[in-house]
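Heads up: the structure comes next, in C-alpha cells.
The values are calculated or read from the model by the stated rules, or taken from the named source; none is laboratory data. Predicted, not measured: the structure shown is a model, and the values here were computed from it. Neighbour counts run over all protein chains shown; Cβ positions are idealised from the backbone, glycine included.
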Amino acid sequence: MKSPAFSLVEMLVTLAILTALALLLLPGASRMRDSSQSAQCLSNMRQLGVGLLGYAADHDNAFPPGAHWDRDVINYLDVSGTTAPVRVLICPSDPRPDVLPNGRFPRSYSASAIKTADPTQGMFRGSETDLSRRLSEVLNPGQTIVLFELFSNGSGTLLANEQFNKNSFAWSHGYQAAGSIPRLPDGRYYHHQTMNYLFADGHVAALPPKDVFTPPNLLWRAVKP
C-alpha cells in the first residue's frame, strides 16, 4: 500500500514551521558568532601581549618602536608576516579583505602612541629606531592601555588608528557620543557594543568605548603629569 502523499496545505504548513524555526534560531546563531569572534580577538591580543612582554624582557624592559611594533612582536610568536596575512594581527570581526588594495595585509590592532600634546599618554614612540616607554616607568600597568582595535565606519572603511581624544579624527566623525560605537557593514557592533583592549600588565578586557575614551582619558595615561 502506497504512503499517502503530502497535501499542498501540509507542505505549506511544514515550510511555515521551518521558516519560523529558522527565524528563531538566527539571532542565537548571530550571538554565538559574535561571542566566538570576540573571544578570538581577545586571544589574539593576549598573544600580542606575550610578545610585547617578551620583547621588553630582552630590551631593558622597553617596548619596541611604534613604527614597527607588530613586526617586532610577531618575531616573538614564531610567525611571519611577509608572505601571508598574520592571523594574530587580525580581529575576526574586521570587515576588510585579507589582502588590501595596496597589496598589504590588514592589521586590526594599533599601539597607543605617546602624544606630543600630552606626553603622559601612550606607550609607543613612532620613531623607527627609538625604543618606546619602559614598563618600569608605567604608573599602573593594569590600568594603562597598550594596544586597541582599529575603528571603521558603517561600511567597514578604516577611519582612525590612534587612541581617541577630543581632537582626533574619529572624534570629529561623531563617535564621541554615548552609544555611537562604530559598526560593521551589516550594522552589527564589533563585540556586543564593546571593543577589546590590551593593558601593560598583559591582561585584556572588553570595554565600552564611551567608558574608555571619556576625558581625562585616564586609561591612556602611562606616567604622572
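Tell me, yes or no, whether segment 133-144 has at least one residue that is modelled with pLDDT of 70 or more, part of a loop (DSSP other than H, G, I, E, B), under 19 Å from the mean Cα position of the chain (by Cα) and buried (at least 18 other Cβ atoms within 10 Å of the Cβ). Within segment 133-144, one or more residues are modelled with pLDDT of 70 or more, part of a loop (DSSP other than H, G, I, E, B), under 19 Å from the mean Cα position of the chain (by Cα) and buried (at least 18 other Cβ atoms within 10 Å of the Cβ). Selection over segment 174-205 of residues that are modelled with pLDDT of 90 or more and either out of contact with any strand residue (DSSP E or B) (no Cβ under 7 Å at 6 or more places or on another chain) or not in a loop (DSSP other than H, G, I, E, B) (or both) gives a count of 8.
Residue check: Leu15 meets all listed conditions (1) modelled with pLDDT of 90 or more; (2) in a helix (DSSP H, G or I) but one, namely (1). I'm trying to understand the selection: among the residues of segment 43-77, which are more than 20 Å from the chain's Cα centre (by Cα) and either over 23 Å from Ala200 (Cβ atoms) or outside any loop (DSSP other than H, G, I, E, B) (or both)? Across segment 43-77, the qualifying residues are Gly54, Tyr55, Ala56, Ala57, Asp58, Ala62.
The rows are residues; the columns are (1) free of Cβ contacts under 8 Å to residues at least 40 places away in the same chain; (2) in contact with a strand residue (DSSP E or B) (Cβ under 9 Å, 6 or more places away or on another chain); (3) loosely packed, with under 13 Cβ neighbours inside 10 Å; (4) over 23 Å from Phe199 (Cβ atoms).
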| residue | (1), (2), (3), (4) |
| --- | --- |
| Arg33 | yes, no, no, yes |
| Gln37 | no, yes, no, no |
| Asn44 | no, yes, no, no |
| Leu53 | no, no, no, no |
| Asn102 | yes, no, yes, yes |
| Ser108 | no, yes, no, no |
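Selection within segment 57-92: residues that are of a type in the set (Gly, Ala, Ser) and surrounded by fewer than 21 Cβ atoms within 10 Å (Cβ to Cβ). The member of this set that is farthest from Leu150 (Cα to Cα) is Ala57. Considering segment 145-173, the residues that are in contact with a helix residue (DSSP H, G or I) (Cβ under 7 Å, 6 or more places away or on another chain) and at pLDDT 75 or above include one that is surrounded by the most Cβ atoms within 10 Å (Cβ to Cβ), namely Val146. The set of residues in segment 79-124 being at pLDDT 85 or above and charged (D, E, K, R) consists of Arg87 alone.
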